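**Q** Structure below; questions to follow.
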Amino acid sequence: MDRASNADLPAQIKSIMIRVLDLDVAPERLDDTVSLYSPVVGMDSLSLLHTLVEIEKEFGIEIDDEDVMLAELRNVGSLIDMISGIIGAEGGKA
């Protein structure tokens, strides 16, 4: 997939989360403030790994363990911010 525009990125990440986690919610209803570990999302360490692998495939990026540890992933918005930063950093490489 081509690199996402900044406007499309949150919706694409939310769509990946919904698909991987088999959530019964529309992307536009998955608010950035929702905790990744809430009953709505229900993420655990294994489902986080599956989600990150799918995001890597979808965007053609590599997510380092250090990026994940430093991101303090707490909610949907923090995951989007981390991915946006990685895409921005990789896009800036020569």
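The values are calculated or read from the model by the stated rules, or taken from the named source; none is laboratory data. Every value quoted in this text rests on a predicted model; they were computed, and no experiment measured them. Every residue, glycine among them, receives a Cβ derived from its backbone with ideal geometry; neighbour counts consider all protein chains shown. Surface areas here come from the heavy atoms of the whole protein model, side chains and all, with no ligands, DNA or RNA. Shrake-Rupley method; radii C 1.70, N 1.55, O 1.52, S 1.80 Å.
**Q** Within the stretch 16-29, which residues are assigned to a helix (DSSP H, G or I), open to solvent by 50 Å² or more (accessible area, probe 1.4 Å) and at pLDDT 95 or above?
**A** ARG19
**Q** If you don't mind, there's one more thing I want to ask. Out of everything in the stretch 30-59 that is more than 13 Å from the chain's Cα centre (by Cα), open to solvent by 30 Å² or more (accessible area, probe 1.4 Å) and among the polar types (S, T, N, Q), what residue ends up being nearest to ARG74 (Cα to Cα)?
**A** The qualifying residue nearest to ARG74 (Cα to Cα) is THR33.
**Q** Taking into account only those residues within the stretch 64-77 that are assigned to a helix (DSSP H, G or I) and free of Cβ contacts under 8 Å to residues at least 40 places away in the same chain, which is most open to solvent (accessible area, probe 1.4 Å)?
**A** Within the stretch 64-77, the subset assigned to a helix (DSSP H, G or I) is 65-71, 76-77.
Subset that is free of Cβ contacts under 8 Å to residues at least 40 places away in the same chain: 65-71.
On the way: ASP65: 121, GLU66: 117, ASP67: 52, VAL68: 34, MET69: 145, LEU70: 125, ALA71: 32 Å².
Among them, the one singled out is MET69.
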